[in-house]
Structure formats: structure tokens, C-alpha cells
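Read through the structure below, which is laid out as C-alpha cells, and then see the notes.
The values are calculated or read from the model by the stated rules, or taken from the named source; none is laboratory data. A quick note: this is a predicted structure, and the numbers were derived from the prediction, not measured. Positions of Cβ are backbone-derived with ideal geometry, glycine not excepted, and every protein chain shown enters the neighbour counts.
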Amino acid sequence: MDTRRSILMIAFVAVLAYFFFFVNSCVPKDDWKKKTSPLPKETVTSLCTKLLLTSTHSLCDGSNDVYASDFSRVIRDRFPLEDPMETPKSKATISYDEVQEVLGEYNQGCQDVVHLSVSNYSYFRCSYDLRGDDYWIDAFYFYSPENTLFSIRSSSSDP
């Protein structure tokens, strides 16, 4: 009985391993790279300088292709927020001008001010596209009229 049970267990594990291998091979890897391209070396160098990264940082050492999305974590670190989804107005201290000083050349535009009557505050959003291809966007949300940063959200144009 133990031999039969062992054989069934081995067969089960083999089928399970095959299933995971099959499923994993069907999932496209790096498919998103077909929709964008690495940042130009000049852009990477400029961002590394403006984001205060050393030349030995993995994004700045020139050893790999670097994509716009690779900088999202570094951007959040450069502009730290108490709550990355929505920092309270009283704790929002990073100004629009500070963000512009670092990322201004990648600003794709800011929307008009939106007023939320329920919460009685106003805000505007600016979109920064490091590659300029509309694939990866870092959206910065600012309270108005204070022009202070309260949220950073990043996303691709993939559904």
C-alpha cells in the first residue's frame, strides 16, 4: 500500500510541476518592452544627477538598459510623502516648484484645478513622462492653491 501511495504522490508532484511549467511558459514575459524603449543615456545621466544618485547606483552605472518605470521608486524616495496615496494637507510640504526643478523637462502638462465640494479642497495633477512615449506616466497631485504635493501615482498605458 505504501508503494502505491508513493507512486501516486510522485505522479501528482510531476503533474503539478508540469502544470506550473506550462502555465509559466504561456505567460508573456517582458511583453511591455515592445511598447516602449530604454531611456536615452543622456536622459539617464540627467535623471541620476537631478535625483542625487551616484554613478555607482544600479540605474546610473550604465550596465543595463534603464526604462522610465525603473525610476518610479527613486522618484518617490526623492519626494517622500507621509502617505503616498494621499498626504494630509497639513503635512504636504513639497512644492510644485521643487518637483519642477527636478522633473520639469519631463512634464507633459498639468490639468486644470479640480474643486471637490464634499471635502472642500482643490487639486491639480501633472503628468511626467521620462521617455516621452506616453507609455509610463508618473502623475503628481498637488493641493491648490498651496501647490503642495500630496500624492504620486505611476502607471502604464496597458489596460
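Limited to segment 112-147, what total is found for residues that are touching a His at 6+ places or on another chain (Cβ under 9 Å) and surrounded by 20 or more Cβ atoms within 10 Å (Cβ to Cβ)?
Start the filter on segment 112-147 by keeping residues that are touching a His at 6+ places or on another chain (Cβ under 9 Å), which leaves 121-123, 144.
From what's left, surrounded by 20 or more Cβ atoms within 10 Å (Cβ to Cβ): 123.
Of the residues in segment 112-147, 1 are touching a His at 6+ places or on another chain (Cβ under 9 Å) and surrounded by 20 or more Cβ atoms within 10 Å (Cβ to Cβ).
Within segment 31-55, track down each residue that is among the acidic types (Asp, Glu) and under 17 Å from Trp136 (Cβ atoms).
Matches in segment 31-55: Asp31 only.
State yes or no: is Asp112 out of contact with any strand residue (DSSP E or B) (no Cβ under 8 Å at 6 or more places or on another chain), under 12 Å from Phe142 (Cα atoms) and either at pLDDT 95 or above or not acidic (Asp, Glu) (or both)?
Criteria not met by Asp112.
Note down all Cβ pairs under 8 Å where the first residue falls in segment 86-108 and is closer than 28 Å to Ser119 by Cα and of a type in the set (Gly, Ala, Ser), the second is modelled with pLDDT of 95 or more and outside any strand (DSSP E or B), and they're at least six residues apart or on different chains.
Going by the 8 Å Cβ cut-off, the qualifying pairs are Ala92/Glu146; Ser95/Asn147.
Can you pull out the residues in segment 14-67 that are at pLDDT below 95, part of a helix (DSSP H, G or I) and hydrophobic (A, V, I, L, M, F, W, C)?
Ala14, Val15, Leu16, Ala17, Phe19, Phe20, Phe21, Phe22, Val23, Cys26, Trp32, listed by residue number.
Cβ-Cβ distance below 6 Å, separation of 6 or more or different chains: which pairs start in segment 134-146 with a residue that is under 13 Å from Ala68 (Cβ atoms) and touching a residue at least 40 places away in the same chain (Cβ under 8 Å) and end on one that is assigned to a strand (DSSP E or B) and of a type outside the set (Asp, Glu)?
Tyr135/Ser156; Trp136/Ser156; Asp138/Tyr128; Asp138/Ser154
Take residues that are of a type in the set (A, V, I, L, M, F, W, C) and tell me which of the strands (runs of 3 or more DSSP E) falling wholly in segment 68-159 contain 2 or more.
Answer list for segment 68-159: 114-116, 121-128, 136-144, 148-156.
Right, Phe150: touching a residue at least 60 places away in the same chain (Cβ under 8 Å) and either surrounded by fewer than 19 Cβ atoms within 10 Å (Cβ to Cβ) or in contact with a strand residue (DSSP E or B) (Cβ under 9 Å, 6 or more places away or on another chain) (or both) or not?
Yes; evaluated as a whole, the condition is true for this residue.
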